[in-house]
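Shown next, in structure tokens, is the structure this report addresses.
The values are calculated or read from the model by the stated rules, or taken from the named source; none is laboratory data. No experiment lies behind these values; they were computed from the predicted model shown. Glycine also receives a Cβ, built like all others from the backbone with ideal geometry; neighbour counts cover every protein chain displayed.
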Amino acid sequence: EIIKRSDKAKGFEILPRRWVVERTFAWLGRCRRLAKDFEKSVASAEAWITIAHIRMLTRRLARYGYR
């Protein structure tokens with residue numbers, strides 16, 4: 001879903017659901033490997049992003065006690 005800013009708006013305006021994407025990028029930015037682009041191939045970069053997501057999900061599941 002693409003949220004566009006209205007043409008009538010002036011100044012700061014809160015856009016709906018944008019925080020979800022910004023929060024996810026902030027979480028990924030906390031991984032040292034993903035903080036800078038060290039990967040030479042796109043496949044390698046995608047693999048590290050997948051690993052970072054798996055790490056976040058397993059920590060969240062462990063925190064809430066799911067088995």
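Which ones in the stretch 18-40 are under 13 Å from the mean Cα position of the chain (by Cα) and touching a residue at least 12 places away in the same chain (Cβ under 8 Å)?
Once the filter is applied, which keeps residues that are under 13 Å from the mean Cα position of the chain (by Cα) and touching a residue at least 12 places away in the same chain (Cβ under 8 Å), the stretch 18-40 yields Arg18, Trp27, Leu28, Cys31, Leu34.
Scan the stretch 41-67 and report the pairs whose first residue is surrounded by 10 or more Cβ atoms within 10 Å (Cβ to Cβ) and whose second residue is assigned to a helix (DSSP H, G or I) and not β-branched (Val, Ile, Thr), with Cβ atoms within less than 7 Å and a gap of 6+ or a chain change.
Trp48/Arg33; Trp48/Leu34; Ile49/Leu28; Ile49/Leu34; Ala52/Leu28; Ala52/Leu34; Met56/Trp27
Take the residues in the stretch 32-64 that are in contact with a helix residue (DSSP H, G or I) (Cβ under 8 Å, 6 or more places away or on another chain) and acidic (Asp, Glu); name whichever of them is farthest from Val21 (Cα to Cα).
Glu39
Of all residues in the stretch 12-45, which are modelled with pLDDT of 70 or more and assigned to a loop (DSSP other than H, G, I, E, B)?
Arg17, Arg30, Cys31, Lys36, Asp37, Phe38, Glu39, Lys40, Ser41
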